[in-house]
Structures are given as structure tokens and as C-alpha cells.
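Data block below; observations after.
The values are calculated or read from the model by the stated rules, or taken from the named source; none is laboratory data. Note that the structure is a prediction, hence the values are computed from the model and not measured. We place every Cβ from the backbone using ideal geometry, glycine too, and count neighbours over all the protein chains shown. These accessible areas exclude ligands, DNA and RNA; they are computed on the full protein's heavy atoms, side chains included. Shrake-Rupley method; radii C 1.70, N 1.55, O 1.52, S 1.80 Å.
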Amino acid sequence: MRALAAFVMGGWLSAVLVVAGMTVLALLLPPLTSPLAYAGGGGLALVTLRRGPGAGAGVLTGAAVLLGLASQLLAGSMVPGLAAGLVLWVPVWLAAGVLRTTIAWPLTLLAVVAMGIALIALMHLALGDPAGWWAARMQALAERLPDQGLALAEVVPALSRWMTAVMAAALAVGVVASLLLGRWWQSLLYNPGGFGREFRALQMGRGYGLVVLLLVLAGALLGGAPGRLSADLALVAAVPLLFQGIAVVHGLVVARGMHRGWLVALYVLLLVAEPHAAMLATLLGWLDTGLRFRGRMPDAGAS
């Protein structure tokens, strides 16, 4: 990983190649789509964090053009590639700029949540009824799948109800994962051990935990549009708590001197036991906003 980070920092062209190349591989290798996409975003985050938003914008532009050219070769049009690049990378670039300026993870994660909320608002403004829009497309897909179509048609109402919020939350998770990877790479190259201490200190605070709880309760108790909107917002707002829960586990492993295999097991569970493992990590993060588990743990050093 350190070698890849060093290659990214070798110059504009090497950064563009990594950011665009990883994203192309993500599209071509579906089982590895998320990790490869995060790696591409991580390269952009690294350049932005280290050299500033201007350098990051240059890499973003070059990578978007390169992805557009790849799209032209594979799909006959540059538009899908350019659009995918902008959707994937502009939020990462913005979040990296916030982190570079504030050096504060809570503020950066609030900015990411704001992006997710903005996406939900845009979907509602553009489509009027996002659930109905998703339902129509999923129903059409079900009709084209003779084997699985009936089973899919049965769950279309439930799936279409949550698709907008899930898409916004997935965007937020991807932005944070890319940013964490870029920050880790920056630490490997320029501040060994710094990322571990920084990540284990992640704390969104009691006020944020209370806001998320109120959104969850409103989503469960209110009917109609207010209830649906509250539930959508709660799902996006819970994303920082997912990463706070992961940070708590990291803190426990380091403070107790436990084997790093526990962390490997955590990430394996997050990959293979979705969404249940992520829900448990989010619950742990929410509990930590009030109980402050890590306040009772000595930091056993950098990781």
C-alpha cells in the first residue's frame, strides 16, 4: 500500500492513472467493485489532502477525461464515464478539502452527511415521487427476468421505498471510505502512526447521537411524507456512527493489546454479513456518543 501511495504522489500523471485505472477496474470486476472504487477515490483524497484542492481538481479533471475516453471505447459514448467520474470523485474531493482545512473528522463527516441529504433533496425535487420512479424501473426489470422476476416483483414496494436513501447512504459510505484510505496513505508516507491515533479518536458527540435518535423515532412514529423523510435522513445520518463504531473496535484492540486478527474478522464480517454487521457497528457507534467507551481505555500506541 505504501508503494501505491508513493506512486500516486509521484506526479499528476501517475495520480490520474491510479484514480481512473482503479475505477475502470471497479466497473470491470464486479466482485471487487467497492474496494477498487474506494482505492481510486483514496488516490484523489491523498493528492487533495497533501497538495491542496487545486492539485486535487487537476487530478479529478484528468481522471474524468480518461474515464470518459475509456467509456467511449467500451460503450461508444464519453457521457457515462464522465458522469460516473464526477459522481464518484467530486464528493471525495470536497470532503478532502474540508478535512484539509479543518483537520476535524466530525466536521468533515457532517459535510459528507450534508451531501447525502442534498442528494435526497435533489431526487425529490427532480422526480416528485422517488419511490414511484424506482418502482416503475424495478417492475420493468422484474418483467425482463423470467426466473427471478416474480420474486423481485413481490418486494418492489419495499425496495423502491428505500432506494433513494440507500443510494445516498452508499454514496456517503464510499466518500468516507475513500477519505479514510487517502488519509491512511498520507500517514504512511509523511506521518507514520498518525492515522491510527486520529481514527481511534473519532467522536461525533452526544448532540449528534441525540439528533440521529430523534430522526429514527420520527421515522418510526410519524406517518406519510414526514415519516418517510425522517427515515431517509436517519439512514444517511447514521453513516458517521458506522465509522465511529469501527473506531471503537480499533481502540479496544489497541488498548487491550489484542491480536490484529480481530480487526481482520471485523472487516470480513462487514463484507460478508451485510447489513447486519454494519447495523451492529452503527449501534456501537451510537452508544459510544453517550457512553464514551474509549474514554476508559488507554491508547496503546499507533496502529
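The table below lists the values:
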quantity: Matching option when the condition is under 23 Å from residue 175 (Cβ atoms), without any contact (Cβ under 8 Å) to a residue 24 or more places away in the chain and assigned to a helix (DSSP H, G or I), among 233, 269, 287, 242; calculated: 269
quantity: Matching entry among 194, 223 (being surrounded by fewer than 19 Cβ atoms within 10 Å (Cβ to Cβ), free of Cβ contacts under 8 Å to residues at least 60 places away in the same chain and among the small types (Gly, Ala, Ser)); calculated: 223
quantity: Filtered residues of segment 264-278 (kept if open to solvent by 90 Å² or more (accessible area, probe 1.4 Å) and either under 15 Å from residue 247 (Cβ atoms) or in contact with a His (Cβ under 6 Å, 6 or more places away or on another chain) (or both)); calculated: 267
quantity: Every pair of residues 6+ apart whose Cβ atoms lie under 6 Å, when the first sits in segment 41-68 and is buried (at least 17 other Cβ atoms within 10 Å of the Cβ) while the second is among the basic types (Lys, Arg); calculated: 49/100
quantity: Checklist (1) in contact with a helix residue (DSSP H, G or I) (Cβ under 7 Å, 6 or more places away or on another chain); (2) at pLDDT 90 or above; (3) closer than 21 Å to residue 26 by Cα applied to residue 80, failing item; calculated: (2)
quantity: Test for residue 77: is it among the polar types (S, T, N, Q), more than 28 Å from residue 240 (Cβ to Cβ), without any contact (Cβ under 8 Å) to a residue 24 or more places away in the chain and not in a helix (DSSP H, G or I); calculated: yes
